[in-house]
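Peer 1: The structure that follows is given in the form of structure tokens.
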Ligand code: NZQ
Ligand code: ZN
């Protein structure tokens, strides 16, 4: 096991009874705030009015940037950064899901930089070392952007969707009130839950020597999402289900579960190419790809992957029939996950079902490797391997 540093300085205000502190917290960073949000859900739900009331009670001056897209675009980052510069903004308040929060992270950095924000994604090495303070109000349990230092931005002109991270992008504070997710529709609840599951699996499936404690933590996290996502879809105002999904989303990706792991994530780079080329919902792409990826790595490196896939089947889905061989158990676990995505979360089973054909498979596979010979994950994946996984999803 490798040593590691663990530090998450984001302050979390969890629950409705904490929400009224929002105005004070934002005001502690200055008097001029850029309020960012997406396509309008916060106005329909009444959240916008509540937040404006809290900000106005502190005497803050508020500039607004609405209309941030799902799979947020570099144009929105540029616009927000410009508004910060022109308006002498002190702090950014992002209200929404991962798209609004991700976009706002790079707005915060762009406000402090003299370069075009796309430079950070084009070469992946230009440092991001300063940013305005960011406060978030999460409205969708999914990405964990509320408690991590990364974000993903799309450039439709170049068919690129690229991620970057930096310590200065971590939100200073995030307000997690499960009631703000009661209006999330079933499809977005499902896609967000698939994203939480994928973040956990990307870390859990590792050939590094694990900390047993972290494995059991992640198995519990997976069981939590599997239990509560269908409840939240059927009963959107179920507070217990929404609270569990919300806190799980943050902890799946806030670094706690990593425990010094060295391996790269595998499924996310493949999915980001699907979103870049077809603008699909991130969690949906992950739900289609993940079972196919599991079957592929099991076939490519059975010795390296079988023990962990058996452990997953047993500890997440309770598959422990002694009559089954290890291989049968591993496959039963993969089948159970796919069935959960398709039958319980009602997500599309294949790329064909969402009108994606093989036209760009080779190009996407090359790009997913980011100029490396392979994705160095649970099992290394070459571009040829990735094409096979895409094809298995047809
Ligand atoms: O835009 P509005 O009108 O707000 O509607 C949104 C949007 O249409 C809607 N929504 C959000 N909260 C709602 C609501 N509708 C009703 N009631 C509410 N309370 O949901 C739709 C999707 O929102 P979005 O923010 O796009 O979803 P999500 O949170 O899944 O974010 C996805 C983005 O995050 C990136 C993804 O790639 C994608 O671009 N990711 C960010 C990560 C990170 N920062 O660490 C990691 C992830 O792996 C992921 O890549
Ligand atoms: Zn994700």
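Peer 1: Being touching a helix residue (DSSP H, G or I) at 6+ places or on another chain (Cβ under 7 Å), over 12 Å from residue 200 (Cβ atoms) and within 13 Å of ligand 1 (Cβ to nearest atom) is the filter here; which residues of region 255-267 pass it? Steps first, please.
Peer 2: First, the residues of region 255-267 that are touching a helix residue (DSSP H, G or I) at 6+ places or on another chain (Cβ under 7 Å): 257-259, 261, 265-267.
Next, from what is left, pick out any that are over 12 Å from residue 200 (Cβ atoms): 259, 261, 266.
Across region 255-267, the qualifying residue is only 266.
Peer 1: For region 137-161, give me each residue that is within 14 Å of residue 273 (Cβ to Cβ) and at pLDDT below 95.
Peer 2: Kept after step one, since they are within 14 Å of residue 273 (Cβ to Cβ), are these residues of region 137-161: 152, 154-156, 158-161.
Result: 156, 158, 159, 160, 161.
Peer 1: Of all residues in region 198-254, which are within 16 Å of ligand 1 (Cβ to nearest atom), surrounded by fewer than 17 Cβ atoms within 10 Å (Cβ to Cβ) and assigned to a helix (DSSP H, G or I)?
Peer 2: Across region 198-254, the qualifying residue is only 239.
Peer 1: Let me ask something additional. Considering only residues of region 170-187 that are in a helix (DSSP H, G or I) and surrounded by 22 or more Cβ atoms within 10 Å (Cβ to Cβ), which is nearest to ligand 2 (Cβ to nearest atom)?
Peer 2: The first filter runs over region 170-187 and keeps only residues in a helix (DSSP H, G or I), leaving 178-181, 186-187.
Now narrow it down to the ones that are surrounded by 22 or more Cβ atoms within 10 Å (Cβ to Cβ): 178, 180-181.
On the way: 178: 20, 180: 20, 181: 17 Å.
Among those that are in a helix (DSSP H, G or I) and surrounded by 22 or more Cβ atoms within 10 Å (Cβ to Cβ), it is 181.
Peer 1: Would region 29-38 turn up any residue that is without any contact (Cβ under 8 Å) to a residue 40 or more places away in the chain and surrounded by fewer than 22 Cβ atoms within 10 Å (Cβ to Cβ)?
Peer 2: First, the residues of region 29-38 that are without any contact (Cβ under 8 Å) to a residue 40 or more places away in the chain: none.
Within region 29-38, not a single residue is without any contact (Cβ under 8 Å) to a residue 40 or more places away in the chain and surrounded by fewer than 22 Cβ atoms within 10 Å (Cβ to Cβ).
Peer 1: Next up: Are any residues in region 227-247 in contact with a helix residue (DSSP H, G or I) (Cβ under 6 Å, 6 or more places away or on another chain) and under 19 Å from residue 198 (Cβ atoms), and if so, which ones?
Peer 2: Correct list: 228, 229, 230, 232, 233, 244, 245, 246.
Peer 1: Among the residues of region 16-48, write down those that are part of a loop (DSSP other than H, G, I, E, B) and more than 16 Å from ligand 1 (Cβ to nearest atom).
Peer 2: Filtering region 16-48 for residues part of a loop (DSSP other than H, G, I, E, B) gives 28-31, 38-40, 46.
If the condition is that a residue be part of a loop (DSSP other than H, G, I, E, B) and more than 16 Å from ligand 1 (Cβ to nearest atom), then 28, 29, 30, 31 are the ones that fit.
Peer 1: Residues that are in contact with a helix residue (DSSP H, G or I) (Cβ under 6 Å, 6 or more places away or on another chain) and within 16 Å of ligand 2 (Cβ to nearest atom): find the helices (runs of 4 or more DSSP H) completely inside region 52-165 holding 2 or more of those. Full working, then the answer.
Peer 2: On the way: elements: 74-87, 98-110, 119-123.
Once the helices (runs of 4 or more DSSP H) in region 52-165 are filtered for at least 2 residues that are in contact with a helix residue (DSSP H, G or I) (Cβ under 6 Å, 6 or more places away or on another chain) and within 16 Å of ligand 2 (Cβ to nearest atom), what remains is 98-110.
Peer 1: Moving to a separate point now. Residues to consider are 167, 173, 142; find the one that is over 22 Å from residue 265 (Cα atoms) and in contact (Cβ under 8 Å) with a residue 12 or more places away in the chain. Give the steps one after another, and end with the answer.
Peer 2: On the way: 167 fails: over 22 Å from residue 265 (Cα atoms); 142 fails: over 22 Å from residue 265 (Cα atoms).
Just one listed residue meets the conditions, 173.
This table checks each residue for (1) within 26 Å of residue 211 (Cα to Cα); (2) under 23 Å from the mean Cα position of the chain (by Cα).
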{"site": "272", "(1), (2)": "no, yes"}
{"site": "282", "(1), (2)": "no, yes"}
{"site": "290", "(1), (2)": "yes, yes"}
{"site": "294", "(1), (2)": "yes, yes"}
{"site": "302", "(1), (2)": "yes, no"}
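Peer 1: Testing residue 185 on (1) within 17 Å of the chain's Cα centre (by Cα); (2) near ligand 1 (Cβ under 10 Å from one of its atoms), one condition comes back false. Which one is that?
Peer 2: Only one criterion in (1) within 17 Å of the chain's Cα centre (by Cα); (2) near ligand 1 (Cβ under 10 Å from one of its atoms) is unmet by residue 185, namely (1).
Peer 1: OK, next. Just a yes or no: is a residue in region 295-313 exposed (fewer than 14 other Cβ atoms within 10 Å of the Cβ) and under 18 Å from residue 219 (Cβ atoms)?
Peer 2: There is at least one residue in region 295-313 that is exposed (fewer than 14 other Cβ atoms within 10 Å of the Cβ) and under 18 Å from residue 219 (Cβ atoms).
Peer 1: To continue, here is another question. Which one of these is modelled with pLDDT of 95 or more and either within 16 Å of ligand 2 (Cβ to nearest atom) or closer than 17 Å to residue 226 by Cβ (or both): 315, 331?
Peer 2: On the way: 331 fails: either within 16 Å of ligand 2 (Cβ to nearest atom) or closer than 17 Å to residue 226 by Cβ (or both).
Just a single option satisfies the conditions, and that option is 315.
The values are calculated or read from the model by the stated rules, or taken from the named source; none is laboratory data. Source: prediction; values computed, not measured. As a convention, Cβ positions derive from the backbone with ideal geometry for all residues, glycine included, and neighbour counts pool all protein chains shown.
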